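Below you'll find the structure, written out as structure tokens, and then a few comments.
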Amino acid sequence: MEHIKACQEHIEEGLDDAVYGGFELPVLKAFSPVDKQNDKCAYCEAAPIYVVENGHSHTI
């Protein structure tokens, strides 16, 4: 897992999953959709507004 997209309601779950999932340095960033993709929160159907990613990853 290299990143977790989360809505306002589920950001705490995203951070917890990152820490317990072995992210070496979890980083919280604002989510900005690319090419108007239909991205969804990892925990519900809402649009994500945050991305939790591994600080050592170059994704997203």
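Annotations
- Only one entry of 26, 33 meets the criterion of being at pLDDT below 90 and under 11 Å from the mean Cα position of the chain (by Cα), and that entry is 26.
- Of all residues in the range 1-32 being assigned to a loop (DSSP other than H, G, I, E, B) and free of Cβ contacts under 8 Å to residues at least 12 places away in the same chain, the one that is most open to solvent (accessible area, probe 1.4 Å): 32
The values are calculated or read from the model by the stated rules, or taken from the named source; none is laboratory data. Computed from a predicted model, the values in this text were never measured in an experiment. Glycine also receives a Cβ, built like all others from the backbone with ideal geometry; neighbour counts cover every protein chain displayed. To get the accessible areas, we keep the full protein, side chains included, count just its heavy atoms, and leave off ligands, DNA and RNA. Shrake-Rupley method; radii C 1.70, N 1.55, O 1.52, S 1.80 Å.
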